[in-house]
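**Q** Let me begin by handing over the structure; questions about it come next.
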Amino acid sequence: MVEKKYKIGGYVKRAKLNLRNEKDIRAFHRGIFESRFGGFEDGELIDVYIDITGYKETSKRPEMLRLMRDCADGKVNLIFAETKGYLAANTREFCYWLNFIFNLNDRVDIITDDDQFNINTITNTDSQREALIKMAEDYIYLNPPDHQKWLAGVIASIALLEDA
């Protein structure tokens, strides 16, 4: 049996308020991911996606959009973030984002390093993947038109990335 090769995308969202030297912040985070995954035999670090912004909306975070596009294109199949708070700013964005990621043609897994309630859909010991899918679907069920509007905005924003 051949073990799966993970194509890792590291994601960080930093508030613009914390920005002192953008170049140093990007180098710092890239170094953390390269150190953590540089010798990882089950996978390779594909890229580090760093948004430095005050925007909470997924459609306004270019690096998150690029990560989502790379997942959709099969370039990344494992998203790693220090905290799930980096992935989305609120429940709405998180559920809609999860639904997008978990409904791609190729499976994408998620790992976070939160102190409590971390996500690891690879080991999935607590059936986290299934629970996250259900949570996202239940949330979407409450307001399908809002989800469709969000999805259309994200897809349009990803398309703009491709044109740039």
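The values are calculated or read from the model by the stated rules, or taken from the named source; none is laboratory data. Only a predicted model underlies this, so the values are computations on that prediction, with no experimental measurement involved. Methodologically, a virtual Cβ is constructed for each residue, glycine included, from the backbone with ideal geometry; neighbour enumeration extends over all protein chains shown. Areas reflect the complete protein model, heavy atoms only, side chains present, ligands, DNA and RNA absent. Shrake-Rupley method; radii C 1.70, N 1.55, O 1.52, S 1.80 Å.
Condition check ((1) at pLDDT 90 or above; (2) buried (at least 18 other Cβ atoms within 10 Å of the Cβ); (3) part of a loop (DSSP other than H, G, I, E, B); (4) of a type in the set (Ser, Thr, Tyr)) across all residues:
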position	(1), (2), (3), (4)
Val12	yes, yes, no, no
Lys23	no, no, no, no
Phe33	no, yes, no, no
Phe40	no, no, yes, no
Gly54	no, no, yes, no
Ser59	yes, yes, no, yes
Cys71	yes, yes, no, no
Phe80	yes, yes, no, no
Glu93	yes, yes, no, no
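**Q** Kindly provide the set of residues from region 95-112 that are open to solvent by less than 70 Å² (accessible area, probe 1.4 Å) and assigned to a loop (DSSP other than H, G, I, E, B), ordered by number.
**A** Within region 95-112, Leu104, Val108 meet the criteria.
**Q** Name the residue that is modelled with the highest pLDDT, counting only residues in region 95-113 that are among the acidic types (Asp, Glu) and touching a strand residue (DSSP E or B) at 6+ places or on another chain (Cβ under 9 Å). Before the answer, list the steps.
**A** Within region 95-113, the first condition is being among the acidic types (Asp, Glu), and the residues that meet it are 106, 109, 113.
This time we only want the ones that are touching a strand residue (DSSP E or B) at 6+ places or on another chain (Cβ under 9 Å), so: 109, 113.
Working: Asp109: 95, Asp113: 87.
So the residue we want is Asp109.
**Q** Across region 120-153, which residue is surrounded by the fewest Cβ atoms within 10 Å (Cβ to Cβ) among those that are among the β-branched types (Val, Ile, Thr) and touching an Asp or Glu at 6+ places or on another chain (Cβ under 9 Å)?
**A** Restricting attention to region 120-153, the residues satisfying the condition of being among the β-branched types (Val, Ile, Thr) are 121-123, 125, 133, 140.
Checking the rest, the ones that are also touching an Asp or Glu at 6+ places or on another chain (Cβ under 9 Å) come to 121-122, 140.
Numbers: Thr121: 21, Ile122: 16, Ile140: 19.
Taking the candidates together, the pick is Ile122.
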